[in-house]
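**Student:** Got a structure here, written out as C-alpha cells. Questions coming.
The values are calculated or read from the model by the stated rules, or taken from the named source; none is laboratory data. All values derive from a computational prediction rather than experimental measurement. A quick note on method: Cβ atoms are made from the backbone with ideal geometry, for glycine too, and the neighbour counts reach across all protein chains shown.
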Amino acid sequence: MTQSDALPIKVGSVPNCHSPGPGVDAGPDAPVIALVGAPNAGKSTLFNALTGANVTMGNWPGTTVEVARGAWRPTVDHDCAAQGCTCTENCSCPATETAGWTLLDLPGAYSLDPISPDEALTRALLVDCPPAERPDLVVVTADAANLTRSLYLPAQLREHRLRVVLALTMGDVAAQRGITVDTAALSRAIGCPVLMIDPRRRNGMGELAQVIADQLRRPVPAPRSRDLSVTEDGAEPDELDIDDERFAWIEEVVAQSTHHADPGRRTWSDRVDRWATAPVIGPVLFLLVMWCVFQITTTVAAPIQDALSGLFSGPISDGAGWLLTQIGLGDTWVRGLIVDGLIAGVGMVLTFVPLMTLMFVLLAILEDSGYLARAAVVTDRVMRAVGLPGRAFLPLIVGFGCNVPAISATRILPDAKHRLLTALLVPFTSCSARLTVYVLVATTFFGQYAGTVVFAMYLISILFVVGVGLLLKNTVWRTMGASPLVIDLPAYHWPTARITAAVTWQRLKGFLKTASGIIVVAVCVVWALQAIPARGGADFGQVAVEDSAYGVAAQAIAPVFEPTGFGSWQTTSALVVGFMAKEAVISSWAQTYAVSDPTTGGSAADLGTQIIASFTESSGGHPYPAVWAFLIFLLAYTPCVATLAAQKREIGLKWTLFGIAVQLSLAWLVATAVFQIGRVFW
C-alpha cells in the first residue's frame, strides 16, 4: 500500500481492548473475545448468534472503521480451582456459572498483511497493540470446505502470544463435498483448540463457550516456532521465505487432519454456478430474479398498503379530530399540526411498512441463500470497465438498501482512488427510501405494471452508476485501472427463518427509525411553513397553503423545473423536502394536499388523484413523460443529508460538494431530456 493509499490508523491511537469506550459490553473487567475470519466464513453470523440484539456499531477511536461490539453471557462449567473455592468432599459450589464476555466482531480479513483500512485495524488490535492490551482470546472462523485457503490467518495468529480457538464452519458443505475433518488431529497440529460449529443453526455454541472458558483459565500459550534462521542460499529469511514456510506448514497440517472421499466430485453449488455466473446467462438470470422481487413486492403489499392508508386517513384522523374537539382544540392550529401534519405525513410513510418488510424478506432470503454474492461475479466485467475492481460491487449493492452504510463499506477497497470513486457513485444506487416514492408514483400512474416500472428504475440506477463511472474515469482519473475480482463464493444454503427474520427486522428498524426521526422533524417543519402566512393577511394556521411561506417559496423555485415537465410548486417543494430524506417526499405531498383539500384526509387514492392532476397540468397534457422525468430526477439527485455526512467523513468536504454538483446537474439535464423527447412521442 502506497503512502497515498494509507489511512489514519495509528498504532499509538488504538485503544486498550479491555476498555474500548462507550457501548454494549459485559462489564469493565469482562474478558474481551475477538472474532476474526475471512469474508463469507460465518464470522458475523456467529457474532449475531452469540450476542442477539444486544449490539452496538461505532467507529473505533483513532480510526474511521466500524467495529461491532456486544455482550455474551453463556453458561459454562464451574471451576472451583479457578474461582479459588475451598471445597471439601461434599462440594456445595454450583455445577455451572454464567460467564460474562465482551465480543468484538472485527472486520473480515484474509491475513494480517493489510491491504485495506479494515484489515489494518484488525492487525492493529490483534498484533500491534502491546501484549497487555490485546484481546484475551481470539476466535477464528474458518471454512471447513476450503481448509487450505482458510488456515493462513490462523497460521499468522499462532506466531504471536495469543489465545486462539479455531471454529470450523460450513461443515455441511464439507460433507457434501466428501471432506472429513479430524478436529482432534487438526488441534494437535495447530496447537490450539478446534471445534466444528454451525452459527446459522446455532449448533455448537455451548461447546464453544466451554472451550473459551477453559482457555481463559490457562496461561497464554507460546507462539508457534519456525525454523527460518538460515535459508537454502544462506541469506537472512525475507517475507517470501516466511510465506513459503507458512504454506508448507498449512499443507502438512491439512494432510494430517482431512480426508477427501472424492476430490473431483462436483457439488450442487458448482453445477448451479455454471449457469448463475456465466457471462451471458448469469446477468440475465440476475435481472430476472430482481424483476420477480419487485413484482412480488408491489403486487402482494398493495392491498395491505391500501388498508393501512384507509386506517390513517379514516379512523385515526377522525378519532384524533374528535378527541381534539372534546378538549377544546378542534378549531386551533394544534388540530392542523396533528391531523394534517403528523397523521397525514408520517401516516402516509408508515403505510409503506408492509412493502418494505416484504422487500427486505426477499432480499434477506437471496442473501442468506448465497445467491447475492454471485452478483459481484456477474458484474465484474462492468466494474472493470468503469475502472473499479469487482469487489467494489459489494458497497454498491449495499447502497440499494441504504447509501449511508454503503459509503462506509468502501473501506474494504485497498486503493484510495477506488474508494473515492465508489463513494461518489454510491448515491446513484437506488436506496429503499426512494423505493417508497417509486411505488406510490408507479401505482398511481401505471397500475398493474408498477412492479415493472420500479424494476426499470433500478436498471436506470445501474446505468447511472456505469455512465457516471465512465465519465469520471475518462476525465478525472484517466490512469485508473482495476485488477480482476478474487472472491470466495459461499455455498448455496437453504435460508433459515431466524436469520431472515433478524436481517429483515434490522433493516426495517432502520426504516422506522427514519420515519420516527427525520420524517417527524420534516413534517413539523413543513407544517409550520405551511401555517405561516406570506400573503393574503390570514392568521397563523388558517392560511391557504399556496399563500403560506411554504407555498410562496415553492412557487419561486418551480420555474427551474418547468423544462422537466413537473414544474408545479407542490412537486418541486416535495423534492426540496426530500433533500432531508426521500421518504419525506411522500409526507410532504400528503401534507400539502391534505391542507389544500381537508376532505381528502391524505388517503392514498385521493392523494393519487391530486398527483395525477398536478402532473397533467404542469406537463401541458403530457403526464407520462413528466412522471418518468420526475422519477429519474428523484433517483439522480442528492439522496439525503445522512448520505452527505457519510461522504464528508469518508472522502472530505471538497469531494462531497463535487458529488452534489454532479448529482444535481445530471439529474436536471437527464430529466429535461427525458421529458422534452418523451412529450414528442407520448
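**Student:** Where the second residue is among the charged types (D, E, K, R) and part of a loop (DSSP other than H, G, I, E, B) and the first is in the same structural domain as L355 (by TED's automatic domain parsing) and at pLDDT 75 or above and lies in the range 404-433, which pairs have Cβ atoms under 6 Å and are six or more apart or on separate chains?
**Tutor:** A433/K582
**Student:** Let me ask another. Can you spot a residue in the range 76-84 that is part of a helix (DSSP H, G or I), buried (at least 20 other Cβ atoms within 10 Å of the Cβ), at negative phi and modelled with pLDDT of 70 or more?
**Tutor:** no
**Student:** Check R535 against each of (1) touching an Asp or Glu at 6+ places or on another chain (Cβ under 9 Å); (2) at pLDDT 75 or above; (3) closer than 30 Å to W268 by Cα and name the one condition it does not meet.
**Tutor:** With respect to (1) touching an Asp or Glu at 6+ places or on another chain (Cβ under 9 Å); (2) at pLDDT 75 or above; (3) closer than 30 Å to W268 by Cα, R535 is out only on (3).
**Student:** Same structure again: For the range 313-320, check the following and say yes or no: at least one residue is closer than 30 Å to V378 by Cα, part of a helix (DSSP H, G or I) and modelled with pLDDT under 75.
**Tutor:** no
**Student:** Here's another thing I want to ask about it. Out of the range 492-511, which residues are surrounded by 14 or more Cβ atoms within 10 Å (Cβ to Cβ) and charged (D, E, K, R)?
**Tutor:** R498, R507
**Student:** Within the range 194-207, which residues are under 11 Å from V165 (Cα atoms) and either buried (at least 21 other Cβ atoms within 10 Å of the Cβ) or within 26 Å of the chain's Cα centre (by Cα) (or both)?
**Tutor:** Once the filter is applied, which keeps residues that are under 11 Å from V165 (Cα atoms) and either buried (at least 21 other Cβ atoms within 10 Å of the Cβ) or within 26 Å of the chain's Cα centre (by Cα) (or both), the range 194-207 yields only V194.
**Student:** Next up: Is there any pair with a first residue in the range 277-295 that is of a type in the set (V, I, T) and a second that is not in a helix (DSSP H, G or I) whose Cβ atoms are under 7 Å apart and which are 6 or more apart or on different chains, and what are they?
**Tutor:** Note: no pairs meet the criteria.
**Student:** Here's a follow-up. Being surrounded by fewer than 15 Cβ atoms within 10 Å (Cβ to Cβ), on the phi < 0 side of the Ramachandran plot and either of a type in the set (V, I, T) or out of contact with any Cys (no Cβ under 8 Å at 6 or more places or on another chain) (or both) is the requirement here; does V641 meet it?
**Tutor:** yes
A quick yes/no check of all residues on (1) crowded, with 18+ Cβ neighbours inside 10 Å; (2) under 30 Å from A175 (Cα atoms):
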{"position": "S92", "(1), (2)": "no, no"}
{"position": "A99", "(1), (2)": "yes, no"}
{"position": "G108", "(1), (2)": "yes, yes"}
{"position": "V127", "(1), (2)": "no, no"}
{"position": "V140", "(1), (2)": "yes, yes"}
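**Student:** Right, here's the next one. Restricting the first residue to the range 605-622 and requiring it to be surrounded by 15 or more Cβ atoms within 10 Å (Cβ to Cβ), which pairs with a second residue that is acidic (D, E) meet a Cβ separation below 9 Å and a spacing of at least six or different chains?
**Tutor:** Between residues of the range 605-622 that are surrounded by 15 or more Cβ atoms within 10 Å (Cβ to Cβ) and residues that are acidic (D, E), the close pairs are D606/D597; Q610/D597; S618/E562.
**Student:** With respect to E97, determine if the residue is more than 22 Å from I212 (Cα to Cα) and touching a Ser or Thr at 6+ places or on another chain (Cβ under 9 Å).
**Tutor:** no
**Student:** So which residues in the range 531-552 are of a type in the set (D, E, K, R) and more than 43 Å from the chain's Cα centre (by Cα)?
**Tutor:** R535, D539
**Student:** Output the number of residues of the range 447-494 satisfying the condition of being modelled with pLDDT of 80 or more and not charged (D, E, K, R). I'd like the intermediate steps shown before the answer.
**Tutor:** Our first condition is that a residue be modelled with pLDDT of 80 or more; within the range 447-494, this holds for 447-475, 494.
From the residues that got through so far, the ones that are not charged (D, E, K, R) too are 447-472, 474-475, 494.
Qualifying residue count, the range 447-494: 29.
**Student:** I would also like to ask the following. If we keep just the residues of the range 43-68 that are more than 25 Å from R419 (Cα to Cα) and at pLDDT 70 or above, which is surrounded by the fewest Cβ atoms within 10 Å (Cβ to Cβ)?
**Tutor:** Restricting to residues being more than 25 Å from R419 (Cα to Cα) and at pLDDT 70 or above, the top hit is G52.
**Student:** Out of curiosity, is P395 modelled with pLDDT of 85 or more, surrounded by 22 or more Cβ atoms within 10 Å (Cβ to Cβ) and assigned to a helix (DSSP H, G or I)?
**Tutor:** no
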